[in-house]
Amino acid sequence: MGIKWDEFFVTGDPLIFASQIGIALTLVGALAGLTYFKKWNYLWSEWFTTVDHKKIGIMYILVGVVMFLRGGIDGLMMKGQTAVPENDFLNAQHYNEVFTTHGVIMILFVAMPLLIGLMNFVIPLQIGARDVAFPQLNALSFWLTVSGAALFNISFIIGGSPDAGWTSYFPLAGKEFSPGIGNNFYAVALQIAGAGTLMTGINFVVTVLKMRTKGMTLMKMPMFTWTSFITSIIIVASFPIFTVALALMTFDRTFGTHFFTISGGGMDMLWANLFWLWGHPEVYIVVLPAFGMLSDIISTFARKTLYGYKSMVISIVMISVLSMLVWVHHFFTMGNSAGVNSFFSITTMAIAIPTGVKVFNWLFTMRKGRIKFTTAMLWALAFVPNFVIGGVTGVMLAMAAADYQYHNTLFLVAHFHYVLIPGVVFPIFAGLYFWWPKMFGYMLNEKIGKWHFWLFVVGFNVTFMPMFFLGLDGAVRRAYTYSAETGFGPLMMISAVGSVILAAGFAALVYNIYWSARNADRNIGNDPWDARTLEWATATPVQHYNFASLPEVTKLDAFWHMKKNNQLQPLSEDEIEEIHLPSNTWIPIYMGVVFGISGFLLVFEWTIAAGVAAIGILAGLAFRSFDYDEGFHVHKDEIFETESKWRKGANKGVKNHVS
Amino acid sequence: MSAKVNAALPLEYQTEQNRMNILGFWVFLGAEIVLFATLFGVYGVLGERYAGGPTQKDIFIVKDVMIQTFLLLTSSFTMGISIFEMRRSNIKGMLMWLVFTLLLGGGFLFMEIREFMHYVHEGATMQTSAFLSSFFVLLGTHGLHVTIGIGWAILLIVQIVQRGLTPVTARKAFIFGLYWHFLDVVWIFIFTFVYLQGLVM
């Protein structure tokens, strides 16, 4: 029983009080609105119980965008606090909580859902399949992610936020130095979301191995499929480590064991090792799918086949192997021998080789291409120089001896933001602009998109470039304030101004979504970008069964060659067969709810109640075991009708918005 | 997804969805290997940090561990026979050997819980030292897997009785078999690196 009732709600801070009221009003408003417009049934049957990979992908993206707002506000608060010396906008404790939640949310609840969302939507289409291998498991993955995200986010109004950094190093994160329940939220919420991610990994390994359409050999897969496949393998190989680490953290904090605590023979460095054994591969889990999206986008808008396809594949495999061998570079200064540090210095620098190969391949793909400067392509272009800054500073940090200078300074913070924002966020934006028409049947506005692009890229550089110099001047990370004598003031102010521009860029994206949903042209056909891969071979937006008849592939860039050689299959009535699809199910969302309840009780260390709630989890598993629903068949007539509608439209009156 | 049945293959491999489920379970077992490897790693790091508490030699009882090992290894053998009978379409034999498997698994669990209670009685709890924390969590994770396996197999037996042997029930039984053998393999490592090594250290 870790908490008293009067500590249940976080009180005493006007900012938090305001958000509590805001959240309550939003909730009431949303519930009332749904009831008034009678949308409950629609929401339940079309979205909450769906097993359609496309809808699940879109919901993932929605979660990612909403979490981006939350994580972004955390970032702005930090920048506001450090804009001037001796600021008292946030106190030390509040600042600790904000940088902790910022890190966790941005990595695990923004980057991951957005990437997994795009993977979900695109991969089955790219490989010419009707769904993922395990559609129900896919829904379960999604609802566990939502459950974890919700649990993590309520921490700042109920019970208190975690405050030991996103790495939550022991002994700081232990009961002795963090007696509140904040860090329980970290351990439990990430455990639930992590279980969902692991299942996604398994699902996509099997999907890519088993569900490729006829003729699509491994070496004819689009690059996004390749990188998602490798990412899924890394997920399967690394997430269980995090599962164990978080479980041991829970045991230490809740049940008084001695894994990471100094007393009782525990070892705090064990946490650091386990955390980064997962944490470093995690970086590649988010960056590899992003690389894959860029590859597809660049070859589409350079209008050329990807340069060096084989070397791309070899590079990502090498990156995935090396990703498991570099974790100690996160703590060069924490007491390793010179030999150990040297080993991990070298493996870390070795990652620059395959990554460099990839960068040159992208550049050579563009060489002599007829580049179309769409918004999606702009993000891909901006990626290259910005990411190279992140990569080069990474090699600087990889030198263990030099790292003693950079360690724990804003130089490091600037470095990983230069890796993660150009390397993950830019490609996600590119992917959203690129695949948006496939998802919704209209494009995001290109003009507002350019505002989004320029504000975001300029804001990003203005925010993070000064932090390199601040770091070299000795400004430490995670410090909530500094004195005027340090001279950090001006650069900190520039950085803060940059973050406002960055936020304006994100606001432009949100406005773009709103504007385009209302005003964008719906008559765009199935292939608005003149693209190369199979997802563009079917209707826009995609019909629920994806393909009337599964396409056959003979070459890389299959759809491009079909178009060139006039091999697009016309619709003939006798070729259509009934299509078997899985039924909707309530079990995944139910599991999300019971996991959330059980996790919440565990956070508050009401272990008996949590155990009782966990019976609900077992009940869900039993329901699933006895569920023999065979799915349903889509009838020929319905397929024929749907297909003739969009195919007729594809021939006349469709506007090509790009050229 | 397609309902095409390839009757030349064993029952559990006949549909595409079944083949995917089985491959998916192998991938899941890969993740389980990482999970247990991490726990073994933790035990390897903390296994000699006694903090003044009891050591392996003080608490381990060779006879009980041998009985546990015997029960669990035998259960893996009976599990194999059960799948063999399934392949011969002998439902009765299959169920009988599956029930034997569960009884042996239950016996293992009984012995393990008794062992834990004995340790706790002697004052060797999870909170005593880093060694015991890592010992209890490693063994407990394995024991929890066995417990879940028993519950799972009971659901399976009900379904086989209800529906007979179909590609779906056969696949479920086959996958359960993989799971059960995997737990056996993990136990062999526990037996070697926790018990034997602890006793000769």
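The values are calculated or read from the model by the stated rules, or taken from the named source; none is laboratory data. This one's a predicted model, so the numbers in the text were calculated from it and none came from an experiment. Methodologically, a virtual Cβ is constructed for each residue, glycine included, from the backbone with ideal geometry; neighbour enumeration extends over all protein chains shown. Quick note on the areas: whole protein, heavy atoms, side chains included, nothing else; ligands and nucleic acids left out. Shrake-Rupley method; radii C 1.70, N 1.55, O 1.52, S 1.80 Å.
For the range B:1-137, relative contact order (Cα pairs under 8 Å, six or more residues apart, normalised by length) works out to 28 percent. The sum of -39500 (n - 2.57) across all DSSP H runs of n ≥ 4, divided by the residue count of chain A, sets its helix-only mean residue ellipticity at 222 nm to -22000 deg cm²/dmol. Taking Lys and Arg as +1 and Asp and Glu as -1, the other residues whose beta-carbon sits under 13 Å from that of residue A:106 total -1. Here is the P(r) of the range A:473-533: all C-alpha pair distances, binned every 5 Å from 0, give 4, 13, 13, 12, 11, 10, 8, 7, 7, 8, 6, 2, 0 in whole percents. Does the range A:4-122 come out rounded, prolate or oblate, given a ≥ b ≥ c as the square roots of the eigenvalues of its C-alpha gyration tensor, rounded meaning a/c under 1.5 and, failing that, prolate meaning a/b above b/c? In terms of gyration-tensor shape, oblate. Karplus-based coupling profile of the range A:294-308, in residue order and whole Hz: 4, 4, 5, 6, 5, 6, 5, 8, 7, 6, 9, 5, 4, 6, x, with θ = phi - 60° in 6.51 cos²θ - 1.76 cosθ + 1.60 and x standing for Gly or Pro.
Scanning residues 5 or more positions from residue A:579 or on other chains, those with amide H under 5 Å from its amide H are A:634, with H placed 1.01 Å from N in the peptide plane.
Once C-alpha pairs closer than 8 Å and six or more residues apart are averaged by separation and normalised to the residue number of the range A:269-361, the relative contact order reads 36 percent.
Think of it as helices only: each DSSP H run of n ≥ 4 in chain B is worth -39500 (n - 2.57), and spread over all residues that comes to -26500 deg cm²/dmol at 222 nm. Extending 7 Å from the Cα toward the beta-carbon at both residue A:645 and residue A:372 defines two label points whose distance is 2.6 nm.
Build a GNM of chain B with springs between Cα atoms under 10 Å apart, and of B:93, B:177, B:123 the one that fluctuates most is B:123. In chain B the longest region clear of trypsin sites (Lys or Arg not before Pro) that are loop-assigned by DSSP and have at most 15 other C-beta atoms within 10 Å covers B:89-201.
For the range A:545-586, just say rounded, prolate or oblate: build the C-alpha gyration tensor, square-root its eigenvalues into a ≥ b ≥ c, call rounded for a/c under 1.5, and beyond that prolate if a/b exceeds b/c, oblate if not. The shape class here is oblate. The residues neighbouring residue A:373, those whose beta-carbon lies less than 12 Å from its own, together hold a net charge of +2 under the Lys/Arg +1, Asp/Glu -1 convention. Relative contact order, whole percent, for chain A stands at 17, derived from Cα pairs under 8 Å and 6 or more residues apart. Residues whose amide H falls under 5 Å from that of residue A:158, counting only those 5 or more places apart or on a different chain, are A:10, with hydrogens built in the peptide plane. Applying 1/(1 + (r/R0)^6) with r as the Cβ-Cβ distance of residue A:405 and residue B:33 and R0 = 60 angstrom yields a FRET efficiency of 0.90.
Segment residue A:325..residue A:544, full-extension length gain: 74.6 nm, with 0.36 nm per residue of separation and the alpha-carbon distance subtracted. Under a Cβ-Cβ cut-off of 12 Å, what is the net charge of the residues other than residue B:65 that fall near it, where Lys and Arg count +1 and Asp and Glu count -1? Counting the neighbours of residue B:65, the net charge comes to -1. Annotation: amide H-H contacts under 5 Å for residue A:409 (H modelled 1.01 Å from N, sequence separation of 5 or more, or interchain): A:477. On a per residue basis, the protein assembly as shown carries 40 Å² of accessible surface, using protein heavy atoms and a 1.4 Å probe.
On the basis of the beta-carbon distance and an R0 of 35 Å, residue A:476 and residue A:360 show a calculated FRET efficiency of 0.45.
Note on chain A: Kirkwood radius taken over Cα pairs, Stokes-Einstein applied at 10 °C and 1.306 mPa s, translational D equal to 61 µm² s⁻¹. Atom-type composition of the exposed protein surface of the range B:57-170 places 72 percent of the accessible area on carbon and sulfur (1.4 angstrom probe). Using the average count of surrounding beta-carbon atoms within 10 Å as a protection proxy, the listed peptides A:127-135, B:153-161, A:62-70, A:422-430 rank, highest first, as A:422-430, A:127-135, A:62-70, B:153-161. Heavy-atom surface analysis with a 1.4 Å probe gives chain A a carbon and sulfur content of 68 percent of its accessible area. Each Lys and Arg contributes +1 and each Asp and Glu -1, all at the Cβ; summed about the Cα centre of chain A, the dipole is approximately 2140 debye.
Overall, the anisotropy analysis places the range B:1-119 in the oblate class: the square-rooted eigenvalues a ≥ b ≥ c of its C-alpha gyration tensor yield a/c not less than 1.5, with a/b not exceeding b/c.
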